[in-house]
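Input: a single structure, listed below in structure tokens.
The values are calculated or read from the model by the stated rules, or taken from the named source; none is laboratory data. Because the structure is predicted, anything quoted here is derived from the model rather than measured. Quick reminder, even Gly has a Cβ in these numbers, built from the backbone with ideal geometry, and neighbours come from all protein chains shown. Side chains are part of the model used for accessible areas, which takes the heavy atoms of the whole protein and leaves out ligands, DNA and RNA. Shrake-Rupley method; radii C 1.70, N 1.55, O 1.52, S 1.80 Å.
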Amino acid sequence: MLVVVSGFILLTTLAVVVWLLVYRRSKRRRRSREGSSTSATALVPPLWKVFTSEELRSITKNFSEGNRLPGNAKTGGTYSGILPDGSRVAIKRLKRSSLQRKKDFYSEIGRVAKLYHPNLVAVKGCCYDHGDRFIVYEFVANGPLDVWLHHVPRGGRCLDWPMRMRVATTLAQGIA
């Protein structure tokens, strides 16, 4: 008799715990859905454009060395340019790829362009021309972050650990 009563109490307790966990999870999901719908309308991702290679050549003065920005040339180089509306942009030229199809490239850029946070550089557009791939970003005056993390630019100061932690934290918040 004692075994039956203790078994019943144990099963009842277990059922209540499982029910509470399921209820909490559904409540959290409901709250996150409500929060994401309001935040999604507050932070409308910027529009991005598909550029032609002729437009990018015009914007960068045919990818001239005078418009080349400092940074890692292993990817293909980054160039500055000015759009017809007067806004300054950075155009990253990616290495030629026969593996990535046009549709996949545009799909990937579309996902990245939807990421909007004040601490992330916005994607303005892209171009895919016979395997040549370009990504157009908003221009950041201080240069790429990797230069500041690994090398001290002329006239710049070294990033101390508290500043590096702040950068890492804000980047993580932007990605999240």
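Numbers at a glance
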| quantity | calculated |
| --- | --- |
| Selected residue (criterion: modelled with the highest pLDDT) from residues of the range 150-176 that are loosely packed, with under 11 Cβ neighbours inside 10 Å and over 24 Å from the mean Cα position of the chain (by Cα) | Asp160 |
| Residue list for the range 81-122, filter: open to solvent by less than 40 Å² (accessible area, probe 1.4 Å), outside any loop (DSSP other than H, G, I, E, B) and out of contact with any Gly (no Cβ under 9 Å at 6 or more places or on another chain) | Gly81, Phe105, Gly110 |
| Any hit, the range 85-104, residues being without any contact (Cβ under 8 Å) to a residue 40 or more places away in the chain and closer than 30 Å to Met165 by Cα | no |
| Residues (modelled with pLDDT of 85 or more and of a type in the set (Gly, Ala, Ser)) located in the range 123-149 | Gly125 |
| Single residue of the range 57-80 satisfying the filter (polar (S, T, N, Q), assigned to a loop (DSSP other than H, G, I, E, B) and modelled with pLDDT of 90 or more) that is least open to solvent (accessible area, probe 1.4 Å) | Thr60 |
| So Glu54, is it at pLDDT below 70, of a type in the set (Asp, Glu) and part of a helix (DSSP H, G or I) | no |
| Out of Arg25, Arg30, sole residue that is at pLDDT 70 or above and part of a helix (DSSP H, G or I) | Arg25 |
